[in-house]
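Bear in mind that the values in this text are calculations on the coordinates, not laboratory data. All values derive from a computational prediction rather than experimental measurement. Positions of Cβ are generated from backbone atoms using ideal geometry, with glycine treated the same way; all protein chains shown enter the neighbour counts.
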Amino acid sequence: MRVPQFDRYRSWLFGFALFMVGAVCGSAVFMSIHQNNFTLLAIENDLLHTELEQAHADLISLTGLRNKQQMISQVKIMVDQTHEPVEDLLENVLRKTIHDDMQVAMGKPVSAVKAAPQVFIQLIDGKIYPDIHGKDYRIKVQSLIVIQSELTVWVTVKEYIKPTAVGP
C-alpha cells in the first residue's frame with residue numbers, strides 16, 4: 001500500500017490552519033469586548049444598588065421626620081474628584097461607609113449644625129478607612145452645607161500610606 005503525498009493537500013491544510021487561526025483571534029476579540037461590556041454593566045449595577053439603598057434610607061428617614069422641617073432628614077456625600085480622580089466602585093464604597101458614619105447627624109436640629117459645624121466635620125475629617133479594595137484611604141472634609149433639611153458633605157479622598165518605623 002502506498003502512502004499518499006501531502007503535496008496535494010498542502011493548500012487545503014494551509015487554508016484550514018488560516019481558518020483556525022482566524023477563529024481563535026476572532027473569539028479572543030469577541031471575549032475581550034464581551035468582558036469589557038460585562039465590567040461596565042457590573043459597575044453600573046453597583047451604582048444603581050447604592051442609589052437604591054440611599055433612596056430607601058432617605059424614604060424611611062423622610063417619612064419619620066415628615067412633620068419636623070427643622071431637622072436633618074438627609075445626608076448626602078459628594079466626593080471631589082478635581083485633584084485626584086477616584087474610580088466608581090471605590091467611590092461607591094467610600095460614600096456608603098461615610099454615609100454610615102454620618103448617620104449620627106440624622107434627626108439633629110438644623111440649628112445645631114449651623115451653630116457648631118466643627119462637631120459634624122470632626123466625625124469623619126482625617127478618618128482612615130482601612131482595606132477598601134486592598135488599600136487604605138484618608139478622608140478630608142472640604143465643606144459642610146445645610147440646605148433646608150439636607151446635609152451635604154463634600155470630601156476629598158487620598159490614599160493613605162502607613163508610616164514606616166525607622167529603627168537604629
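See the values below:
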quantity: Nearest-ten-degree value, helix 10-64 long axis tilted from longest Cα axis of the chain; calculated: 10
quantity: Magnitude of the charge dipole, region 1-96, Cβ model with Lys/Arg +1 and Asp/Glu -1, debye to 20; calculated: 540
quantity: Point-charge dipole on Cβ atoms (K/R +1, D/E -1) for the chain, about Cα centre, debye to 20; calculated: 200
quantity: Low-density loop cleavage sites - chymotrypsin sites (Phe, Trp or Tyr not before Pro) in region 1-62, where at most 12 other Cβ are within 10 Å (DSSP); calculated: Phe6, Tyr9
quantity: Under-17-angstrom lysine pairs by C-alpha in the chain, whenever the two are 8 or more apart or on separate chains; calculated: 18
quantity: Amide H partners (placed H, <5 Å) of Ile72, local residues excluded; calculated: Gly107, Lys108, Val110
quantity: Antiparallel DSSP beta bridges within the chain, percent to nearest 5; calculated: 70
quantity: Taking His83, His49, His99 and counting other C-beta atoms within 10 Å, the order from fewest to most; calculated: His83, His49, His99
